[in-house]
Amino acid sequence: MSLILQTFLPQVARYLPDSTSNHEPVLKRSLHIPAQLCREVAFYDLLFGKFTVSVSRLTQMFANKSSRVFLGLGFILLFVADPSGVRDTLGPGMALLLWIGAIGFYIAMLFVVVTLLSFTQSTFGRFPIYAPVTSSLIFLIVFVSLQTLIETLAPPDPSQSWYVLFFNITGAGLAIETLFIRFVMPGIFSKPTSSQQTPDKLLKLGDQQLPLADVIYMAAQEHHVQIALPTGTITVRGRLGDAVAQTIPDQGIKPHRSWWVSARAQPMLIQQNGRPALRLIGGTIVPVAKTRQADIQQWLDRYPVTPHAPAAE
């Protein structure tokens, strides 16, 4: 199972946009991958902890070594416990194939459900979903398919109740899923360490080299970029896209095609004249494109900033 995930999923990941990057992927432009596949769906786990996931993040998640190890251990547990009795009925070899198929089917259904929810939330707005409900539905589809296949290959066991077996498997599955969400997934998508964030990295644009950690915001002005620093604002000849390409997600975000805002500016999402905007700690108001509002909110959820009051007039 681990070998299948290790071989297949990294290949899929090459053709999906990276939701943890500010860079617009070349493959996204060439293959016209829908933006909804990058849109994160909001969930509550079994204990009502909030988390988000997208199709592209699912691909990265299952391609990660920690996920493969966790799934491998889950597979061993299922094979040894054999709750459906398939090992005793059809033999170890067939049980091995059926459980691999069941886990693969579960992962495929997970991708389908998240894809549907991504399109739904992009149309009707973002609303948190209780993950155990969607997971139970997936478990039901996988369980019915597996049991039907088992009964096709061997006579059914009249002493075995489908209902009891389904609730037992679903309960165990939800417990394992919660452990994964709480203890494995945060490690996969954790923020970069201080050494990875490279706070002393220089922003190179035109003839300027500036400490990236000092940049408050950048704004495109025709063939120039206005860069706000603690000491004042400078204008440098160059393209905003070249500057943004040197950043990482936790350092800032583009709320508009002509702006990039640093996390150090402590942006707050507000409504100004009925339109979304970001208010920075110095009082600067930055426009937010309507198509970017959901992405901005997701970024603020993932990288929360300290709330601040409006600058004094």
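Using the per-residue mean of other Cβ atoms lying within 10 Å as a proxy for protection, in what order, highest first, do the peptides 241-253, 74-86 fall?
Values: 241-253: 18.4, 74-86: 16.4.
Listed from highest to lowest mean packing, they are 241-253, 74-86.
Rounded to the nearest 0.05, what FRET efficiency do Lys204 and Gln272 give with R0 = 25 Å and r taken as the Cβ-Cβ distance? Could you check? Can you show the working numbers first?
Values: r = 33 Å, r/R0 = 1.34.
So the FRET efficiency works out to roughly 0.15.
What nm value, rounded to one decimal, do you get for the distance between Leu153 and Glu222 when each label is placed 7 Å out toward the C-beta?
Distance between the two pseudo-spin positions: 7.2 nm.
Taking amide hydrogens as modeled 1.01 Å from N in the peptide plane, which residues meet the under 5 Å criterion relative to Tyr217, leaving out close sequence neighbours?
Here Ala228, Ser262 satisfy the definition.
Quick one: if you stick a label point 7 Å off each Cα along the C-beta vector at Tyr163 and Asp301, how many nm between them?
Computed distance between label sites Tyr163 and Asp301 equals 3.7 nm.
I need the P(r) histogram for region 195-302: all alpha carbon pairs, bin width 10 Å from 0 out to the longest distance, whole percents.
All Cα pairs considered, the percentages come to 15, 50, 31, 5, 0.
Any read-out appearing in this document is the output of simple, stated calculations on the displayed coordinates, not a laboratory observation. Because the structure is predicted, anything quoted here is derived from the model rather than measured. Positions of Cβ are backbone-derived with ideal geometry, glycine not excepted, and every protein chain shown enters the neighbour counts.
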